[in-house]
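The block underneath contains the structure these notes are about, expressed in structure tokens.
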Amino acid sequence: MSQKLHTTVLLNEAVDALMTDESGFYIDGTFGRGGHTRLLLERLGPEAKVLGVDKDPRAIATGEQLSAEDNRFSIVHDSFAEVGKHINQPVDGILLDLGVSSPQLDEGERGFSFLRDGPLDMRMNTSAGMSAEEWLNTAEEKEISWVLKTYGEERFARRMARAIIERRQEAPLKTTGELAKLLSDANPAWEKGKHPATRSFQAIRIHINQELQDLEKALDEMLELLRPGGRLVIISFHSLEDRMVKRFIRDHARGGDLPPGLPLMESQIARRMKPVGKAIKATKEEVSDNPRSRSAVMRIAEKLV
């Protein structure tokens, strides 16, 4: 268990922020290997309930083991964007730890890592959807370039997309090692301390798993699921995700888009959330122990009405 806890980003900070009622009902929308959930269960009372959600079949297997050990916990195999289908009661807190998990990166056969050779899959749910291999070998150059630039903020997206098209005309791309080398060779300006394929791998993964679309849908739904006083805690690892979360909290804290200068009483402004504190980042000690936490940003909001 200690290894799982060690690799769980912002573990104590997230659970501290999430818990408002030791007998409450909580959702871990990105269960992973259960680091956040296990600590949450340690702190909750005997009447509490926790629902885990994950797309990854291996995460589900881990969750089923935990469910057998602790009857306060249950898990469903789905996207967190669909969690509303699985519950029928108000929620005291919802946690999302976005992006790819350490175990997924460590398993070369999942296709997420540019450091470990394996098949080009990249699906969090390996039983559904198009793999990275299928997409890269069939998508048009313009679409590949758009994904690399938009989701990866890759400066050399067009150049890399052209390299992918030229390569697959000779033979289909099959492995992460092939793709990593191809992207590295097409990248003329390597960033110090960063693998030249980092941004592109991230972009392809986000596209394959529809991560930003899921998050956009989930934010609105989760606001409805929370009871007044309930907390939404979201850990992001990508600037696009964090911007989306920050904007969502800000807009609901303001009460929506109001015309500037319009004279309104406070009671006329429909504020639905309030931010709790400022964005939280990992400490130097945590980054040293777990480099993945370097880009983590955690935002907390509380539902008002």
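Derivation of every value follows stated rules applied to the coordinates shown; laboratory data play no part. Just so it is clear, the model here is predicted, and its values are computed rather than measured. Note: ideal-geometry Cβ built from the backbone for every residue, glycine included; neighbour counts use all protein chains shown.
Between the amide H of Ala282 and those of Ala296, distances stay under 5 Å, these residues lying 5 or more places away or on another chain, with hydrogens modeled in the peptide plane. The helix-only estimate of mean residue ellipticity at 222 nm for the chain, built from DSSP H runs of length n ≥ 4 each weighted as -39500 (n - 2.57), is -12500 deg cm²/dmol after division by the residue total. A simple rule links phi to the HN-Hα coupling: the Karplus curve 6.51 cos²θ - 1.76 cosθ + 1.60 with θ = phi - 60°, which for segment 15-27 gives 5, 4, 6, 6, 6, 10, 8, 5, 10, x, 10, 10, 10 Hz, with x for Gly and Pro.
More than 14 Å apart: what percent of Cα pairs in segment 168-211 qualify? Kindly include the intermediate steps, with their values, before the conclusion.
Working: 524 of 946 pairs.
Value for segment 168-211 (Cα pairs over 14 Å): 55 percent.
In plain terms, the chain from Arg227 to Glu47 could stretch by 63.1 nm, reckoned as 0.36 nm per residue minus the Cα-Cα distance. Given a Förster distance of 22 angstrom, what is the FRET efficiency for Glu191 paired with Asp16, based on the Cβ-Cβ distance and rounded to 0.05? The formula returns an efficiency of 0.05 here. Using θ = phi - 60° in the Karplus curve 6.51 cos²θ - 1.76 cosθ + 1.60, the 3J(HN,Hα) couplings for segment 154-162 round to 8, 5, 9, 4, 5, 5, 5, 4, 4 Hz; x is entered for Gly and Pro. For segment 126-208, the calculated P(r) over all alpha carbon pairs, in 5 Å bins from 0 to the bin holding the longest distance, is 3, 16, 29, 29, 15, 6, 2, 0 percent. Among Phe237, Phe248, a tally of other beta-carbon atoms within 10 Å of each Cβ gives an order, fewest to most, of Phe237, Phe248. Partner lysines whose Cα lies under 22 Å from the Cα of Lys278, excluding those fewer than 8 positions away in the same chain, are identified as Lys246, Lys303. Each DSSP beta bridge with both residues in the chain is either parallel or antiparallel, and the antiparallel ones are about 40%. Couplings for segment 173-190, taken from phi via the Karplus curve 6.51 cos²θ - 1.76 cosθ + 1.60 with θ = phi - 60°, read 6, 10, 10, 5, x, 4, 5, 4, 5, 4, 5, 5, 5, 8, 9, x, 9, 6 Hz in order; Gly and Pro are left as x.
For segment 126-208, the relative contact order comes to 40 percent (Cα pairs under 8 Å, sequence separation of at least 6). Annotation: amide H-H contacts under 5 Å for Val91 (H modelled 1.01 Å from N, sequence separation of 5 or more, or interchain): Leu226, Arg227. The alpha carbon centroids of segment 62-119 and segment 191-209 are separated by 21 Å.
Report the net charge of residues surrounding Asp21, where surrounding means a beta-carbon distance below 13 angstrom and charges are Lys +1, Arg +1, Asp -1, Glu -1.
Details: positive: Arg43, Lys49, Arg227, Arg231; negative: Glu22, Glu47, Asp92, Glu302.
For residues surrounding Asp21, the net value is 0.
Suppose we look only past 30 Å in the calculated P(r) of the chain. What percent of the Cα-Cα pairs does that tail hold? Spell out each step's value before the answer.
Numbers: 16912 of 46360 pairs.
Counting pairs separated by more than 30 Å, the tail of P(r) holds 36 percent.
Place the peptides 79-88, 49-58, 283-292 in order of packing, highest mean first, counting for every residue the other Cβ atoms within 10 Å and averaging per peptide. Don't jump to the answer; show the numbers that get you there.
On the way: 79-88: 16.2, 49-58: 22.0, 283-292: 13.4.
Highest to lowest by the protection proxy: 49-58, 79-88, 283-292.
Scanning residues 5 or more positions from Val76 or on other chains, those with amide H under 5 Å from its amide H are Gly52, Val53, Asp54, with H placed 1.01 Å from N in the peptide plane. A simple spin-label model places the labels of Thr175 and Asn125 3.0 nm from each other, with each point 7 Å out along Cα-to-Cβ.
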